[in-house]
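Notes for the one structure printed next.
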Amino acid sequence: MSSFGGRMREYPWLSLDRFDRENLRARAYFLSHCHKDHMKGLRAPSLKRRLECSLKVHLYCSPVTKELLLTSPKYKFWENRIVALEVETPTQISLLDEASGEKEDIVVTLLPAGHCPGSVMFLFQGPNGTVLYTGDFRLAKGEAARMELLHSGTRVKDIQSVYLDTTFCDPRFYQIPSREECLNGILELVRSWITLSRYHVVWLNCKAAYGYEYLFTNLSEELGVKVHVNKLDMFNNMPEILYHVTTDRHTQIHACRHPRDDDYLRGNRLPCGMTSRNGTPLRIISVKPSTMWFGERTRKTNIIVRTGESSYRACFSFHSSYSEIKDFLGYIRPVNVYPNVVPMGSTADEVVKIHFLLKNQIKSPQGLELLPSLYKIPVFPTITSVSIPAPLSKCRGQKSFAVLAQKASVRGEGARVRNLISVTETLLQRKMFLLSSIEFLLSLA
């Protein structure tokens, strides 16, 4: 769930994926994709009034996101203000401050985010440096290295800041199976069930209105069975998806939704109410794609886990894993990195901690290997005062620590001094953490 406030420190007159409060004064808006947690305020009366007062303000997004957004009548008032930018095509945008007449040009490039149809990252280049906003993203290891527009010639561009999707920046999600691996697991389960008879049906219990199209299209392609969904209008201009979905309820794979989805399958009944034409009872299993459930397991599990007599969980993620985030940051190495998401099951204080850890990823050769141990440090730790002997208090740096330990070992005091050195290093580490926390909190002010 995005917790990003909408504004970047380098370009505060832009608003991304947030359209309320101070964002109402933005000179331009950007939408990375059409999930609700990235659309706060997008259809609010206050924003409508803002558009009425200014003819210069536009919303920039990908062509697919524009199509998806305008399928809802609630967003029709945006129709003449949306500018669809082609993916992987640098575009210059002139930003005008209507009060002062000040104008500034920036170049924006949309990069594939791998999250859902139409999802993009925004790369901004202008007088205040190069900045990358990821929105929600899932990039496999090595994908950043293949993105030509992240590079200047053969080297990575100098990126000042990354505003990063940290949904699974948590040791519990160190390794998430690839989409291909997850698809194959789901495919084999669905195939083994629907081939038993034409009365064997699968319900894909998908929580979002869209985003699972990769799953639908591949299941349909492999099994020759269209997937039942509630409506098709959002796919009217996407034939590669439209061909694989249907509103005809008489199919063996369903992804239809109901306001009480999680409870509605009880009694062996699909959300759409479909029954067989000749009255023969249907045999239905539900498959719930998710990631959080798998991260909470204390032991490693398979991609598919049976959770009830006719229910299954399937690992399927739209967000980069902890190790994929590590790979991404290790490759592009920005000067600053800011978390956009409070990870599931965490608190707002954890965002401060993540900020510290991500900065260490850039500075430390060990990268996010620090995370499993540092993650346990309290946000504002209570440190017991320690009496440090004079010789140790005069030491500076790890080499001095090592020399002192060697001398102490000769005197038979090695264990005591090593303990004091460990305490001192912990104090220094926590001092770094607190300074980073203060810096991040000031950036939110």
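Just so you know, all these numbers are worked out from the coordinates, no wet-lab data involved. Remember, it's a predicted structure, so these values are computed and weren't measured experimentally. A quick note on method: Cβ atoms are made from the backbone with ideal geometry, for glycine too, and the neighbour counts reach across all protein chains shown.
For the stretch 77-146, averaging the sequence separation of C-alpha pairs within contact (under 8 Å, six or more residues apart) and dividing by the residue count gives a relative contact order of 22 percent.
When Rg and the Kirkwood radius Rh are both evaluated on Cα atoms of the stretch 79-210, their ratio Rg/Rh stands at 1.11.
The Rg/Rh ratio for the stretch 131-189, using Cα coordinates for both the radius of gyration and the Kirkwood hydrodynamic radius, is 1.07.
Computed over the stretch 179-315, relative contact order equals 27 percent, with contacts defined as Cα pairs under 8 Å that lie 6+ residues apart.
Taking Lys and Arg as +1 and Asp and Glu as -1, the other residues whose beta-carbon sits under 12 Å from that of Tyr243 total -2. Judged by the ratio a/c of the largest to the smallest principal axis of the C-alpha gyration tensor, the stretch 1-146 counts as oblate, that ratio being 1.5 or greater while a/b is no larger than b/c. Taking label points 7 Å from Cα along the Cα-to-Cβ direction, Tyr243 and Asn302 give a separation of 3.2 nm.
Restricting the calculation to Cα atoms, every distinct pair contributes to the Kirkwood radius of the stretch 143-255, found to be 17.1 Å. Put simply, the amide H of Leu95, placed in the peptide plane, has neighbours under 5 Å in Glu104, Asp105, Ile106, leaving out anything fewer than 5 places away on its chain. Less than 5 angstrom separates the built amide H of Tyr163 from those of Leu132, Tyr133, Thr134, Tyr338, all sequence-distant by 5 or more or on a different chain.
Sorting the segments 78-84, 228-234, 101-107 by their mean number of nearby beta carbons within 10 angstrom, highest to lowest, gives 228-234, 78-84, 101-107.
Ranked by the mean number of other Cβ atoms within 10 Å of their residues, highest first, the peptides 314-323, 87-96 come out as 314-323, 87-96.
Derived scalar couplings between HN and Hα for the stretch 8-25 equal 9, 4, 6, 9, x, 8, 9, 10, 10, 6, 7, 9, 10, 6, 5, 5, 5, 9 Hz in order, rounded to whole Hz, by the Karplus curve 6.51 cos²θ - 1.76 cosθ + 1.60 (θ = phi - 60°), x for Gly and Pro.
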